[in-house]
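Undergrad: Can you keep this structure in mind? I'll have questions shortly.
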Amino acid sequence: MQSKPKAVLVSVGGSPQPIIKSLNEQKPEYICFFTSEATKDSTEKDILPCLTYKPRHWDWIITPNAEGLSECYREIATRLPDILKKWNVKESQLIVDYTGGTKTMSVAVTLATIELSSKYTYVGGVERNKNGVGIVIDGKERMLYLDNPWNEIAFMDKKRACILFNKARYASASEVFAVIEEKVSENHKPFFKALKNMSDGYDLWDRFKHEDARTRLYTCRDVLKTSSIHNKKLERIVDTLIQNTLFLDKLKDNKELLYYDLIANARRRAEFENKYDDAVARLYRAVEAMAQFKLKSTHGIDSSNVNENVIPADVREEFISKYRDNKDNKIKLGLYVSYDLLNKFNNPLGKSFFEFYEKEIRGLLDIRNNSILAHGYRPVSQDTYEKLLEVILKLSGIKREDLPEFPVLEL
């Protein structure tokens, strides 16, 4: 049984009986009649007096040309939102009945409401005049509740969401999935809600909000896993999603994995968006983070507040005089000095850094320092990004396949 609609937009033609049948069966609180100049009067004379209930309010949208598609469409698109706002009726509470009016009016009312409504009705019948090909005989009308067209539109529109997602525009993909979720029938809503949550999760992750991302991705994982049972493409997406949540689980307890994530984030900026300045800024931070984590985990040193007693005696005075911050009296180490200290501890990472430094790292870091997002005005090239990425992978010993990769949506 269909639930009672809040409002109905109904196109009106020369035969009032189907309209009366539709309104008496649905009993909407609000009615908007879409009419031509010729049929407006019939709504008051032939339709409203025959209703078996009293609607709260009714209004008209009148087309100046019942055979002009543009004119019909324009009137509905312009007037309907204001009418719904006046009635305090949500778009989701509107049903569209395109039974009456010219064929042009029926097409226009459907086109103009496809983004607003997901519910359509039509009054047909089992008996017609003219040997079954004319109009429905009065009293023989039958109410038809049509399939939600958004069930089909969604499966086309989701391709647009997939393109956005695969271009690292996760928030935009989420917006598309949210619209689809709102419009499709109830049995399809959980699937598209899960896709929206997944997009939100990767958007949070892409902005380094790892714990929030982890929570959001877990909320959608089981729904998508169930949906993937008979869908190979979705199965691959779920496999990646599971691997990603496992990475976030590990990251929660092992912050050293953060530089894996920084490198992966840099790759998305460069390879999906061609934002090489952004990518190199992240790679620079990854190089810095590697030294910071190694100092902390191996030597117990916080590079933002170094205890002077842990600095090797032969360079202690030099470090104190050069790197003590006069504002808060803390000893703070930047990227180069952090690796220098690791090297003085004979740490393998520090040694590797200086093996690569003069030939491969120094020039690339100079380019970064002169970039727009650092201290200069020169944009970073794709070549610089690729060279710096390769150096960092060699320095860290990380393989590309070890980096977390977001799923590719193919739905």
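Undergrad: State which residue is surrounded by the fewest Cβ atoms within 10 Å (Cβ to Cβ) when the search covers only the stretch 252-288 and only residues that are over 15 Å from Lys399 (Cα atoms), basic (Lys, Arg) and within 26 Å of the chain's Cα centre (by Cα).
TA: Top of the filtered list is Lys252.
Undergrad: Quick one: which residue in Pro149, Pro81 is at pLDDT 75 or above, open to solvent by 30 Å² or more (accessible area, probe 1.4 Å) and closer than 30 Å to Asn197 by Cα?
TA: Numbers: Pro149 fails: at pLDDT 75 or above.
Sole residue among the options that is at pLDDT 75 or above, open to solvent by 30 Å² or more (accessible area, probe 1.4 Å) and closer than 30 Å to Asn197 by Cα: Pro81.
Undergrad: Can you work out which of the residues in the stretch 311-334 that are among the aliphatic types (A, V, I, L, M) and exposed (fewer than 15 other Cβ atoms within 10 Å of the Cβ) is farthest from Tyr385 (Cα to Cα)? Can you show your working first?
TA: First, pick out the residues of the stretch 311-334 that are among the aliphatic types (A, V, I, L, M): 311, 313, 315, 320, 331, 333.
When the remaining residues are screened for being exposed (fewer than 15 other Cβ atoms within 10 Å of the Cβ), the result is 313, 315, 320.
Details: Ala313: 38, Val315: 34, Ile320: 34 Å.
By that ranking, first place goes to Ala313.
Undergrad: Report whether or not Met143 is touching a Gly at 6+ places or on another chain (Cβ under 9 Å), farther than 29 Å from Ser199 by Cβ and modelled with pLDDT under 65. Working first, answer last.
TA: Working: touching a Gly at 6+ places or on another chain (Cβ under 9 Å): yes; farther than 29 Å from Ser199 by Cβ: yes; modelled with pLDDT under 65: yes.
Yes; evaluated as a whole, the condition is true for this residue.
Undergrad: Consider Leu341 carefully, then state whether it is over 40 Å from the mean Cα position of the chain (by Cα), part of a helix (DSSP H, G or I) and of a type in the set (A, V, I, L, M).
TA: yes
Undergrad: Exactly one condition in (1) at pLDDT below 90; (2) surrounded by fewer than 23 Cβ atoms within 10 Å (Cβ to Cβ) is false for Thr39; which is it?
TA: (2)
Undergrad: Within the stretch 362-384, how many residues turn out to be open to solvent by 50 Å² or more (accessible area, probe 1.4 Å), not in a helix (DSSP H, G or I) and not hydroxyl-bearing (Ser, Thr, Tyr)?
TA: Result for the stretch 362-384: 6.
Undergrad: Still on this structure: Just to be sure, is Lys196 more than 25 Å from Lys294 (Cβ to Cβ), open to solvent by 40 Å² or more (accessible area, probe 1.4 Å), of a type in the set (D, E, K, R) and at pLDDT 95 or above? Full working, then the answer.
TA: On the way: more than 25 Å from Lys294 (Cβ to Cβ): yes; open to solvent by 40 Å² or more (accessible area, probe 1.4 Å): yes; of a type in the set (D, E, K, R): yes; at pLDDT 95 or above: yes.
Answer is yes for this residue.
Undergrad: If you don't mind, there's one more thing I want to ask. Scan the stretch 84-109 for residues that are farther than 20 Å from Glu182 by Cα and surrounded by fewer than 22 Cβ atoms within 10 Å (Cβ to Cβ) and jot them down.
TA: Those that are farther than 20 Å from Glu182 by Cα and surrounded by fewer than 22 Cβ atoms within 10 Å (Cβ to Cβ): Lys86, Trp87, Thr102, Lys103, Thr104, Ser106, Val107.
Undergrad: Considering each residue of the stretch 222-252, count those that are closer than 30 Å to Ala289 by Cβ and either at pLDDT below 90 or hydroxyl-bearing (Ser, Thr, Tyr) (or both), and give that number.
TA: Residues of the stretch 222-252 closer than 30 Å to Ala289 by Cβ: 237, 239-252.
Those left that are additionally either at pLDDT below 90 or hydroxyl-bearing (Ser, Thr, Tyr) (or both): 240, 245.
Residues in the stretch 222-252 being closer than 30 Å to Ala289 by Cβ and either at pLDDT below 90 or hydroxyl-bearing (Ser, Thr, Tyr) (or both): 2 in total.
Undergrad: Please enumerate the residues belonging to the stretch 233-246 that are within 19 Å of Phe165 (Cα to Cα) and open to solvent by 10 Å² or more (accessible area, probe 1.4 Å). I'd like the intermediate steps shown before the answer.
TA: Step one: filter the stretch 233-246 for residues within 19 Å of Phe165 (Cα to Cα), giving 233-245.
Scanning the stretch 233-246 gives Lys233, Glu235, Arg236, Asp239, Thr240, Ile242, Gln243.
Undergrad: Then there's this: May I ask you to list the residues in the stretch 19-45 that are closer than 17 Å to Ala66 by Cβ and in contact (Cβ under 8 Å) with a residue 12 or more places away in the chain?
TA: Within the stretch 19-45, the subset closer than 17 Å to Ala66 by Cβ is 19, 32-43.
Answer for the stretch 19-45, where residues must be closer than 17 Å to Ala66 by Cβ and in contact (Cβ under 8 Å) with a residue 12 or more places away in the chain: Ile19, Cys32, Phe33, Phe34, Thr35, Ser36, Glu37, Ala38, Thr39, Lys40, Ser42, Thr43.
Undergrad: Out of curiosity, is Asp46 of a type in the set (Asp, Glu) and within 37 Å of the chain's Cα centre (by Cα)?
TA: On the way: of a type in the set (Asp, Glu): yes; within 37 Å of the chain's Cα centre (by Cα): no.
In short, no.
Undergrad: May I ask you to say which residue of Lys399, Lys359, Lys344, Lys387 is loosely packed, with under 13 Cβ neighbours inside 10 Å, within 26 Å of Leu257 (Cα to Cα) and at pLDDT below 95? It would help to see each step written out before you state the result.
TA: Details: Lys359 fails: within 26 Å of Leu257 (Cα to Cα); Lys344 fails: loosely packed, with under 13 Cβ neighbours inside 10 Å; Lys387 fails: loosely packed, with under 13 Cβ neighbours inside 10 Å.
Matching residue, one of Lys399, Lys359, Lys344, Lys387: Lys399.
The values are calculated or read from the model by the stated rules, or taken from the named source; none is laboratory data. Everything numeric here is computed off the predicted structure, so don't read it as measured data. Reconstructed Cβ throughout: ideal geometry from the backbone, glycine too, with neighbour counts over all protein chains shown. With ligands, DNA and RNA removed, areas are computed over all heavy atoms of the protein, side chains included. Shrake-Rupley method; radii C 1.70, N 1.55, O 1.52, S 1.80 Å.
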